[in-house]
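The block underneath contains the structure these notes are about, expressed in C-alpha cells.
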Ligand code: ADP
C-alpha cells in the first residue's frame, strides 16, 4: 500500500437509499465501461453500510459479474439505510475502507439523501484521512498520496424528484406500473360504475401522480406542488365526477400523491377523498394504495437505456476529472446527458420541498420546471367533464383530425387530447376516418367531448388508418372535402405517408386553394423515422414490446447453447434495433444505416464461436428488417447454424406486428398529449393570422423541446429515398452499445 499513488485506475460503485428499477443497468454500464478502460472496479454491497463495514462488502467486479442483470428490478448489489454514515465516525471508517482498497473514485447511485451524504463525504475526505493518520490507521504518505476523492452521482429514485435531471432512474418504470394498474382498475370500475382513489408514491413530488393521471385519463389528480386552489375543492372535484357520469362515463378515478396537501398544508389522505366522494356521489368508492408495486418489476426500455448511458458517462467523467473537481450529478435534460454540480442539485431539490412547506405553491411549481407546470395545466383541461363554452362572439373554427400510415400506439391519445383541447378553446372538431381514402370520400364525423372518452389508453387507431398515398387525381376530391366541411385547419397524425401527403397538399396549394389552411403533421410511427423530431409517438411502446419479447426469448434458451437472430421492424431506420439491442444486452445489432457485409458476418461468427467455446450459453443478434436485402434474417440464421456446428444452435424470431400493437406506454401517451397541446395552439394561431400562405408544419421534439418545422423543409430534413431523417441523434449511442456488448473476456460469460 505504501507505494500507491492517486490515479484513476480504481473505482467503486454503490447503490443507496430506496431501490429503483434501472439501478442494475447503471451498475452494469459503470463496471463494463471501467473495465473497457482498464480500470479496476469494485462494487460496494449494501450501499454506505458496506462502505462503513468494509471487508466482504467491497468486492472486485469483472465483466461477468454484471451479466444477466439488465432485466432485473431492484439492485443486485443491495442497498440498506445506514445510520452510521450520517456520523463522522462512520464516514471515517468508510474512508479507511476505501483507502484499504486504494479506491478514490466513487459512483453513487441513489436519491437526494444518498447524494447529500456523498457530498459531505467528499468535503470531509482530507480531514477524515488526517484523523486516520492521527489514529495511526494510515501513514501520512498514504494520506498525502490520496488528496482527493472523485465522486459522481446518478439519481436512482422512482419519485423523479431531483433537480439536475429530467428523469431519475426508475421513474419511467414506476409510471408504467401505475399506468398498468390504473388501466386495469378503470376496466373494473367501469363495470360497476365505481369511483376509485388511487394513491401513488411521491412525498414531495407529484410527478408520478400528475403524469399517471395524464397518461390514464384519470378524472382528478392531487399533488403536493399544486394543491386545489379553491377552498371548496371537494365540491369541485365531485362536480366534475358527477358531470362525467351524466355524460356517460362509467368509471371515476382520482389519483393522489402520498404527499398531497391542501392550501393550508394539511395532508389530504386517500381515506378523506373516499369519504368526500361517498358523501357527495352516493356511490361505492374503493381505495387502492399502489405502494411497493411501483418499485417492482423489470425496468422499462427507457430505464435500461438511460441508466446505461449515465453509467457510461460516469466513467468518462471520472477519466476526465481534474484534482479538486466538484462532484457532479449526471442526468438527462432535453434528451441529452448533462453534468451539473451535485450540491447545487441537492440544494435546488430541497428548495422545492421548502417552497411547499412554506405554502408558496407558485414557487414550488415554478421550481419543478416549465414542463411540469404545462403538464398540470393540460391535465386540468383534459379532466374537465365538459368543455368551456365558447366565449361570446368568439369565432369558431372547424378542425379536421386524421391518422395516416401504419397504426402507432398513442395515435388515439393524441386524437383525444387534440379534440378536447380544441373543443375547450371553443372550436369544432371533425374526425376524418380511414386515412387518405376516407379523406377523398369525405368520411368524417363531428367529435364531441365524450366521443373520445377512454381513448387515452387505447392502442391502434379509432379513426382508422392506412398507408395509402393520394393519387394525383385524389387532390381534387380532398380539396372538395375541406371546402364542403368548411375546415379551417388540419391535424394529420401519422408516419412517413402522412408527411408525404401533407407535403403534396402543400405543393398543390397553387392548384387547389382549399389546401391553403393551417396544417400540422404530428409524428406517430413506431419506426421513429420522421424528420424534425427526435422521437415519434409509438416508438417507446414498440421498444417495450420488443424488449419483453426478447427477455422471454432469452429465458427460453437458458438450458441450451443457442444463438438467436431477432428481426425487428423499423423500415429503413435502425432506431428500434439499436435501442432494443441496448435494452436487452444484444451483442450485435444490424442496421440499415450501417448495412451488413460478409466480413461483418465472419467476424460475428468468429466471436460467437469463441464465446461458446469458453462456455457462453446464449447469443443474441438483433437485425433491423431492412438491414441488408441479401443477408436476410433467414440467411444469417442458416449461416450461423451451419458454421456453429456442435458448438451452438441458431434460431430466428421475427417479431412482426406485435410491435405495432398494444396499449401505448405512459411516455407515448404523454408525448402525444404534449404534441396535441402545441399542435392545436399552432392551428388556432394559424387560422387567426391572415397571410397569403397559411401555416404548414410538422411538429417535433428537438433536444427535448417542442419545435415546428415548415412543411417546405420536409425534403431538406428528411431523406425521402430512404424514408428517414437525414440526421439521427441516436446514432451517437452506438459506441455505448459496442462497449456493453463486447465479447466477454472471461470464460463463463452469460450475456
Ligand atoms: P435516498 O438516497 O433515497 O434519498 P435516504 O435519504 O434514506 O435515501 O439516504 C440513504 C442513505 O444515505 C442514508 O441511509 C445515509 O446512509 C446516507 N445519508 C442520507 N443523508 C445523509 C446526510 N445528510 N449525511 C450523511 N449521509 C446521509
Criterion violated by residue 709 - all others in (1) in the same structural domain as residue 420 (by TED's automatic domain parsing); (2) under 16 Å from the mean Cα position of the chain (by Cα) satisfied: (2)
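Scan region 130-152 and tell me whether some residue there is within 14 Å of the ligand (Cβ to nearest atom) and either under 19 Å from the mean Cα position of the chain (by Cα) or within 28 Å of residue 310 (Cα to Cα) (or both). Give the derivation first.
Residues of region 130-152 within 14 Å of the ligand (Cβ to nearest atom): 151.
Of the ones still in play, those that are also either under 19 Å from the mean Cα position of the chain (by Cα) or within 28 Å of residue 310 (Cα to Cα) (or both) are 151.
Looking through region 130-152, at least one residue is within 14 Å of the ligand (Cβ to nearest atom) and either under 19 Å from the mean Cα position of the chain (by Cα) or within 28 Å of residue 310 (Cα to Cα) (or both).
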Scan of region 573-590 for residues that are over 18 Å from residue 306 (Cβ atoms) and in a loop (DSSP other than H, G, I, E, B), ordered by number: 573, 574, 587
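Of the residues that make up region 326-337, is at least one over 23 Å from the mean Cα position of the chain (by Cα) and either at pLDDT below 90 or closer than 26 Å to residue 703 by Cα (or both)?
Taking region 326-337 and keeping what is over 23 Å from the mean Cα position of the chain (by Cα), we get 326-327.
Narrowing the set further to residues that are either at pLDDT below 90 or closer than 26 Å to residue 703 by Cα (or both) leaves 326-327.
Yes.
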task: Please enumerate the residues belonging to region 55-81 that are in contact (Cβ under 8 Å) with a residue 60 or more places away in the chain, within 15 Å of the ligand (Cβ to nearest atom) and surrounded by 16 or more Cβ atoms within 10 Å (Cβ to Cβ).
output: 74, 75, 77, 78, 79
- line: Given (1) over 20 Å from residue 671 (Cα atoms); (2) buried (at least 22 other Cβ atoms within 10 Å of the Cβ), residue 555 misses just (2)
- prompt: Taking region 20-54, which residues are within 15 Å of the ligand (Cβ to nearest atom) and buried (at least 24 other Cβ atoms within 10 Å of the Cβ)?
  reply: 20, 21, 22, 23, 26, 44, 47, 48, 50, 51, 52
query: Does region 89-97 contain any residue that is more than 13 Å from the ligand (Cβ to nearest atom), surrounded by 18 or more Cβ atoms within 10 Å (Cβ to Cβ), assigned by TED's automatic domain parsing to the domain that holds residue 25 and modelled with pLDDT under 95?
result: no
message: For region 98-117, give me the residue count where each residue is over 27 Å from the mean Cα position of the chain (by Cα) and more than 10 Å from the ligand (Cβ to nearest atom).
response: 8
- prompt: How many residues are in contact with a strand residue (DSSP E or B) (Cβ under 6 Å, 6 or more places away or on another chain), in a loop (DSSP other than H, G, I, E, B) and within 22 Å of residue 577 (Cβ to Cβ) when one looks only at region 498-531?
  reply: 3
statement: Scanning region 674-688 for residues that are buried (at least 24 other Cβ atoms within 10 Å of the Cβ) and either more than 20 Å from the chain's Cα centre (by Cα) or at pLDDT below 95 (or both) gives 679, 680, 683
field: Count of residues meeting criterion [in a helix (DSSP H, G or I), over 19 Å from residue 161 (Cβ atoms) and either touching a residue at least 40 places away in the same chain (Cβ under 8 Å) or assigned by TED's automatic domain parsing to the domain that holds residue 224 (or both)] in region 305-353
entry: 11
query: Among the residues of region 397-413, is any within 20 Å of residue 220 (Cα to Cα), touching a residue at least 24 places away in the same chain (Cβ under 8 Å), buried (at least 23 other Cβ atoms within 10 Å of the Cβ) and assigned by TED's automatic domain parsing to the domain that holds residue 455?
result: yes
- prompt: Has region 202-214 got at least one residue that is on the phi > 0 side of the Ramachandran plot and not in a helix (DSSP H, G or I)?
  reply: yes
query: Does region 484-497 contain at least one residue that is more than 30 Å from residue 702 (Cα to Cα) and in a helix (DSSP H, G or I)?
result: yes
task: Could you please find all residues in region 221-235 being in contact with a helix residue (DSSP H, G or I) (Cβ under 9 Å, 6 or more places away or on another chain) and within 22 Å of residue 363 (Cα to Cα)?
output: 221, 222, 223, 224, 225, 226, 227, 228, 229, 230
query: What number of residues within region 605-635 are assigned to a helix (DSSP H, G or I) and either in contact with a helix residue (DSSP H, G or I) (Cβ under 6 Å, 6 or more places away or on another chain) or closer than 11 Å to residue 567 by Cα (or both)?
result: 3
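Restricting to region 718-738, give me the number of residues that are part of a helix (DSSP H, G or I) and buried (at least 18 other Cβ atoms within 10 Å of the Cβ).
The first filter runs over region 718-738 and keeps only residues part of a helix (DSSP H, G or I), leaving 729-738.
Still in the list and also buried (at least 18 other Cβ atoms within 10 Å of the Cβ): 733, 736-737.
Of the residues in that region, 3 qualify.
The values are calculated or read from the model by the stated rules, or taken from the named source; none is laboratory data. It should be emphasised that the depicted structure is a prediction, and the values quoted were computed from it without experimental measurement. Positions of Cβ are generated from backbone atoms using ideal geometry, with glycine treated the same way; all protein chains shown enter the neighbour counts.
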